[in-house]
1. Going by the structure shown, is Glu114 at pLDDT below 95, exposed (fewer than 12 other Cβ atoms within 10 Å of the Cβ) and assigned to a helix (DSSP H, G or I)?
2. Does Ala46 qualify as being of a type in the set (Gly, Ala, Ser), surrounded by 22 or more Cβ atoms within 10 Å (Cβ to Cβ) and either in contact with a strand residue (DSSP E or B) (Cβ under 7 Å, 6 or more places away or on another chain) or modelled with pLDDT of 95 or more (or both)?
3. Looking at Leu108, Leu56 in this structure, which one is of a type in the set (A, V, I, L, M, F, W, C) and buried (at least 16 other Cβ atoms within 10 Å of the Cβ)?
4. Condition test on Lys174, is it closer than 30 Å to Leu63 by Cα and either under 44 Å from the mean Cα position of the chain (by Cα) or in a helix (DSSP H, G or I) (or both)?
5. May I ask you to list the residues in region 48-67 that are touching a helix residue (DSSP H, G or I) at 6+ places or on another chain (Cβ under 7 Å) and of a type outside the set (A, V, I, L, M)?
6. Quick check on this structure: which one of Asp90, Asp75, Asp84 is in the same structural domain as Thr22 (by TED's automatic domain parsing) and in contact with a Pro (Cβ under 6 Å, 6 or more places away or on another chain)?
Amino acid sequence: MRNSAWLLILMMGVAAAKKPDTKQQEGRAHFSQGRAFQDAGAYDDAIREYQAAYQLTPLPLLLFNIAQSYRLKGDKRAAIEWYDKYLAADPEGPAGDEARDQVANLKLKQQLEETEALRKKAAEEAAESKRIAEEAERERRRAVESEEARRKSAADEETRLRRLAEEMAQAQNKRRVEEAEQHRRRVDVAQRVGRPYTIAGAVAIVVGVVMGAGLFWVPFKDANDKQHNFESARMWTTQYDADVQSLHTDSQAMLGLVTTGGVLLVGGIALCVAGTRLRSNAVERVSFAPLLSPTQAGLAVEGRF
């Protein structure tokens, strides 16, 4: 305000020395309007009016007023620039000392602001570095936890598969034991089932051989004696008729005994074979049934051999 008053007094002094022209009047008008804007805080409008006044009346103090408006606006760089313009135009002017003080103060503030900005930037960078480090640490922990979870899952799966394999092996061993026990039982059953057949077959073979040999020989020898008596007989007698009838009866009995012995022999062999089969395989069943008639005898065998 003091410098503005200086400018106003200067302009009024010039106007008193000689009659003002149109440019000077317009310059004073722009100056007055700029001063009003500056007092109202409309610094951009004030700067515009001061620059218009400087174009009409290039007085150095108008450069000072422009620098003041920039300073009040907060634009330190522009304020220093216009202060320097004023000092270059009028180094020894009435506002020179104040302009130099303002330049020094503004530069100091710029340095402080730059220092603060650097400090703030360094703090922000440090905070960002800390955030990045913390995020990296969280990622590392997540990776470690994920790896641990994966290993645990793999270990659990391996344990499950090993337990399953052990259960399968136990089941197979149990099945083998059961199959071996069943086989042993079948063998025991086969031995118990086959032994009676084998014994019965052996007895039948022995009886059949005895009947086919011993019992066949006695009737055959007696029949030969009676046949010799028939050939030596001279005439028909009652004894002769009785011998013929006896010979016929003996022949029938001998035939029956021989047939029975043969049946017993064959049946005994079948029983022995069946007993052997049953001892080796307990699933086969063999049944026997005698077949008898007045003139024939036989043995029916049912099963697979």
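The values are calculated or read from the model by the stated rules, or taken from the named source; none is laboratory data. Keep in mind the model is a prediction, meaning the values are calculated, not measured. Ideal geometry is used to build each Cβ from the backbone, glycine not excepted, and the neighbour counts take in all protein chains shown.
1. On the way: at pLDDT below 95: yes; exposed (fewer than 12 other Cβ atoms within 10 Å of the Cβ): yes; assigned to a helix (DSSP H, G or I): yes.
Here the answer is yes, as Glu114 does meet what is asked.
2. On the way: of a type in the set (Gly, Ala, Ser): yes; surrounded by 22 or more Cβ atoms within 10 Å (Cβ to Cβ): yes; either in contact with a strand residue (DSSP E or B) (Cβ under 7 Å, 6 or more places away or on another chain) or modelled with pLDDT of 95 or more (or both): yes.
So Ala46 passes the test.
3. Numbers: Leu108 fails: buried (at least 16 other Cβ atoms within 10 Å of the Cβ).
The conditions single out Leu56.
4. Working: closer than 30 Å to Leu63 by Cα: no; either under 44 Å from the mean Cα position of the chain (by Cα) or in a helix (DSSP H, G or I) (or both): yes.
Answer is no for this residue.
5. Glu49, Tyr50, Gln51, Tyr54, Thr57, Pro60, Phe64, Asn65
6. Values: Asp75 fails: in contact with a Pro (Cβ under 6 Å, 6 or more places away or on another chain); Asp84 fails: in contact with a Pro (Cβ under 6 Å, 6 or more places away or on another chain).
Answer to the selection: Asp90.
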